[in-house]
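Engineer: This is the structure I want to talk about, given as structure tokens.
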Amino acid sequence: MTEYPHPSDRAGTAGRVPSAASPDAVDERNRRLARAGVARAEKLLMTRYRVGSQGEAFDLLRRTSQRFNVKLHTLADVAVRLPAPAAGAADWVPNRPRGAPPPLPALHTGQARPGGHGAVLKTALRRTMHVAHTHMGHVQLVENGMLRMAQHAGLARQFTDYFAFVGDAGSPCARAAEDRRQITVKDVASSDTFDEASRQAVLRTGSRACHSVPLVGQRGGVMGVISTHHDGPVGDFSTAQLTALDHLGTQVGRWLLWHRHTVVLPALNHLHASAAHRD
């Protein structure tokens with residue numbers, strides 16, 4: 001459901017813009033990709049439930065999103081990825097036991113434990129930057145066959161806009177998701193991990209090195225990636241650092257999968273009921 005897709009299934013260059021593209025071109029790309037996922041969910045509702053218009057379909061998605069405090073684009077992404085419910089089924093997805101959230105000891109630093117989705121991502125990013133000894137980083141989540149920016153710190157808007165969506169393996173975050181392993185780029189200027197457009201976009205924001213950690217769910221699917229950025233070239237990360245980040249990536253990945261099962265899927269069931277039994 002949320003696994004980073006095989007290269008043949010990804011959006012490929014659909015999410016890429018030239019490094020010298022104008023801010024307007026980047027904004028247009030981002031709006032197009034953000035809208036595409038919601039539009040697919042609208043079309044699904046119109047076809048499957050005979051919803052009369054895109055506006056009505058969008059309103060069903062919006063109301064469900066607000067009721068369950070789930071991002072609209074997240075709800076739309078899950079809706080188009082899951083198989084259709086059986087004809088006449090009461091639920092889209094059979095109810096699952098709502099177990100306790102997986103523990104997050106890698107995020108516990110003596111402060112209050114993070115609670116909601118956004119708080120977990122923010123705390124995970126802060127902890128990752130602490131382990132990596134930097135103040136720059138970002139979190140991306142798998143959505144619509146790509147990585148979508150979810151949290152960031154210390155990075156210029158030019159960078160966060162350019163990498164709002166990453167659709168292929170021309171960057172270390174995508175490589176980390178595809179290979180399900182940590183990726184270190186010791187010197188962005190000379191590494192072959194980046195395509196040239198992405199390299200220039202990274203260098204312009206002041207990052208000379210980066211490290212990406214996949215967030216791996218319980219069954220091995222990648223839920224997202226946390227990446228750190230460094231203002232100078234770096235050497236090898238220590239065994240202790242890599243181990244700590246591996247534990248963090250596994251714990252956060254499992255928590256994200258739990259969140260989908262216990263929060264997003266019930267929202268999807270509500271969407272199904274609302275669409276099937278609307279007045």
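Engineer: Students sometimes get this wrong: rank SER198, SER190, SER274 by accessible area, probe 1.4 Å, all chains present, largest first.
Structural biologist: Order by accessible area, largest first: SER190, SER274, SER198.
Engineer: Taking LYS122 as the anchor, which lysines have their alpha carbon closer than 18 Å to its alpha carbon, excluding any fewer than eight residues away along the same chain?
Structural biologist: Once the sequence-local lysines are set aside, what remains near LYS122 is LYS71.
Engineer: Report the relative contact order of the stretch 59-178, percent, no decimals, based on alpha-carbon pairs under 8 angstrom and at least 6 residues apart.
Structural biologist: 13
Engineer: Could I ask something else about it? In terms of the Cα gyration tensor, with a ≥ b ≥ c the square roots of its eigenvalues, is the stretch 28-162 rounded because a/c is under 1.5, prolate because a/b exceeds b/c, or oblate?
Structural biologist: Because a/c hits 1.5 or more and a/b fails to exceed b/c, the stretch 28-162 counts as oblate.
Engineer: Normalised by the number of residues in the stretch 150-279, what is the relative contact order in percent for Cα pairs under 8 Å and 6+ residues apart?
Structural biologist: Worked out over the stretch 150-279, it gives 21 percent.
Engineer: Over the chain, with every protein chain in place, what whole percent of the accessible area is carbon and sulfur at 1.4 Å, could you tell me?
Structural biologist: The C+S portion of the solvent-accessible surface of the chain is 50 percent.
Engineer: A follow-up question, please. Relative contact order for the chain using alpha-carbon pairs under 8 Å, separation at least 6, rounded to a whole percent?
Structural biologist: The normalised contact order for the chain reaches 25 percent.
Engineer: To continue, here is another question. Along the Cα→Cβ direction, 7 angstrom out, place labels at ALA119 and GLN200. What is the inter-label distance in nm?
Structural biologist: Going by the 7 Å Cα→Cβ label model, 4.4 nm.
Engineer: Could you check which residue among ALA174, ALA106, ALA124 shows the biggest mean-square fluctuation in a GNM of the chain with a 10 Å Cα cutoff?
Structural biologist: Maximum fluctuation in the GNM of the chain, among the listed residues, is at ALA106.
Engineer: Could you report the chain's accessible area per residue, 1.4 Å probe, as an integer in Å²?
Structural biologist: 47
Engineer: Let me ask something else about it. Can you give the calculated 222 nm mean residue ellipticity of the chain, where each DSSP H run of n ≥ 4 adds -39,500 (n - 2.57) and the sum is split over every residue, rounded to the nearest 500 deg cm²/dmol?
Structural biologist: It lands at -14000 deg cm²/dmol.
Engineer: Next question, about the same structure. At most 16 other Cβ atoms within 10 Å and a DSSP loop assignment: could you name the trypsin sites (Lys or Arg not before Pro) in the stretch 174-255 that fit?
Structural biologist: Qualifying residues, ordered by number: ARG180, ARG181, ARG219.
Engineer: While we're on this one: Can you tell me the equivalent ellipsoid semi-axes for the stretch 129-279? Use √(5λ) from the Cα gyration tensor, largest first, whole Å.
Structural biologist: 31, 18, 13
Engineer: Can you pull out the trypsin sites (Lys or Arg not before Pro) in the stretch 37-109 that DSSP calls coil and that have at most 11 other Cβ atoms within 10 Å?
Structural biologist: When the trypsin sites (Lys or Arg not before Pro) of the stretch 37-109 are filtered for loop state and at most 11 Cβ neighbours within 10 Å, ARG50, ARG98 remain.
The values are calculated or read from the model by the stated rules, or taken from the named source; none is laboratory data. None of these values were measured; they are calculated from a predicted model. Positions of Cβ are generated from backbone atoms using ideal geometry, with glycine treated the same way; all protein chains shown enter the neighbour counts. When the accessible area is computed, the model is the full protein with side chains, heavy atoms only, and any ligands, DNA or RNA have been set aside. Shrake-Rupley method; radii C 1.70, N 1.55, O 1.52, S 1.80 Å.
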